[in-house]
Amino acid sequence: MDVNFNVELAGSGGRSLNLKNPLLLASGTCGYASDLEGFTDLSVPGGFISKGTTLKPREGNPQPRIAEVEGGMLNSIGLENAGIEAIVRQKAPVWRKLGLTVIVNIAGSSIDEYVTTAASLEGVAGIAGIELNISCPNVKAGGEEFGMDPATAAAVTRAVRDATGLPLFVKLTPGSGRVSQVAAAVASAGADAVTLINTFKGMAIDIRQRKPLLGNITGGLSGPVLKPVALAMVYETAGIIDIPIIACGGISSARDALEFIMAGAHAFQVGTAFMVNPALPAEILAGMKQFLQDEGVEDINQLVGCARA
Ligand SMILES: Cc1cc2nc3c(=O)[nH]c(=O)nc-3n(C[C@H](O)[C@H](O)[C@H](O)COP(=O)(O)O)c2cc1C
């Protein structure tokens with residue numbers, strides 16, 4: 001039996017993004033997609049989310065920036081990136097040539113910066129959409145992350161929505177404590193989909209050195225340890241919004257991915273686990289196909305939200 005893996009991420013504004021399968025590689029874990037040629041089979045994922053990109057190039061945080069912890073890892077890369085112009089001039093033409101579906105993850109420290117960055121992608125061939133990383137400090141408002149508060153998250157979403165015709169995903173931070181309210185706010189402000197979740201703030205200490213392991217002291221926790229947290233947030237949010245949810249957080253097997261789909265996600269991202277195993281996307285999709293065949297399910301979309309009461 002053949003199964004359908006095609007998914008349509010359609011928001012309320014009439015824009016939609018068609019994916020050949022629901023597996024995307026998460027931002028910051030697949031570079032600029034085309035860099036991975038020879039490391040993984042680029043034809044497997046349904047899409048790639050680029051490294052977080054800002055208006056101007058950024059150098060990132062002091063070293064060390066990565067630490068292993070039980071059940072996952074911490075990173076404090078600090079958005080090191082080449083700036084949006086490098087995407088427009090150097091990366092997008094390659095994505096187009098290779099026929100890759102790439103969503104550009106953008107970050108900023110003010111609403112104006114998000115808007116200018118998003119607007120520079122308008123009409124650029126090779127770009128399938130934008131994912132807004134709103135886990136960034138709002139410099140003009142005392143440094144609180146945009147994604148912490150529903151009104152601020154909605155303001156940045158609305159401003160970017162007005163500046164672009166591209167499909168727009170908004171990636172939420174688990175640190176908010178009000179994730180489903182933030183999701184509802186960004187959905188009303190014109191997001192086409194929400195990505196749930198970004199990393200959770202954490203830290204580790206080197207007891208011999210008697211100091212934090214990361215140069216930045218704290219970092220973002222990712223990997224399997226995050227999965228139950230992300231799953232609960234996806235489940236809760238799916239009961240509140242009617243735009244698609246793209247799940248993210250600790251997914252490392254077909255079973256994990258299926259759990260998120262059954263909780264209400266239409267698509268999912270693999271991050272940390274992909275860095276460990278570059279063959280994982282193919283393994284996850286093969287495992288999902290086997291499950292669907294065993295269960296006599298012809299279309300992955302039939303499972304979306306099926307575990308919901
Ligand atoms: C090394 C590294 C770099 C990351 N960089 C970004 C980034 O630039 N922008 C972003 O929105 N998320 C970034 N993330 C977060 C991931 O996209 C993802 O949300 C998170 O790691 C949880 O998924 P996972 O447990 O599958 O890794 C990064 C994660 C890691 C591990």
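The values are calculated or read from the model by the stated rules, or taken from the named source; none is laboratory data. Worth saying up front: this structure is predicted, and the values here are computed from it rather than measured. Please note: Cβ atoms are built from the backbone with ideal geometry, for glycine as well, and neighbour counts cover all protein chains shown. When the accessible area is computed, the model is the full protein with side chains, heavy atoms only, and any ligands, DNA or RNA have been set aside. Shrake-Rupley method; radii C 1.70, N 1.55, O 1.52, S 1.80 Å.
Numbers for the structure displayed
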quantity: Overall Cα dimensions of region 1-153 - principal axes, largest extent first, Å; calculated: 55, 40, 31
quantity: Solvent-accessible heavy-atom area per residue, rounded to whole Å², over region 75-233 at 1.4 Å; calculated: 41
quantity: Set of lysines with alpha-carbon distance to residue 51 below 17 Å, sequence-local pairs under 8 removed; calculated: 91, 171
quantity: Per-bin percent of Cα-Cα distances, region 216-296 [5 Å]; calculated: 3, 16, 24, 22, 18, 11, 4, 1, 1, 0
quantity: Probe 1.4 Å, accessible area per residue of region 248-296, Å²; calculated: 36
quantity: Highest to lowest packing among 22-28, 83-89, scored as the average C-beta count within 10 Å; calculated: 22-28, 83-89
quantity: Reach of residue 289 by Cα under 27 Å, taken over lysines that are not fewer than 8 positions away in the same chain; calculated: 20, 227
quantity: Inverse of mean 1/r across different Cα pairs in the chain, Kirkwood, Å; calculated: 19.3
quantity: Region 156-309: relative contact order in percent, alpha carbon pairs under 8 Å with at least 6 residues between; calculated: 19
quantity: Rel. contact order, % - alpha carbon contacts under 8 angstrom, at least six apart, region 161-251; calculated: 32
quantity: Within the accessible area of the chain (1.4 Å probe), percent carbon and sulfur; calculated: 52
quantity: Reachable aspartates and glutamates, given that their alpha-carbon falls under 20 Å from the alpha-carbon of residue 56 and they are not under 8 places away in the same chain; calculated: 80, 85, 112, 113, 122, 131, 145
quantity: Packing-based order for 294-301, 192-199, 242-249, using average beta carbon neighbours within 10 Å, highest first; calculated: 192-199, 242-249, 294-301
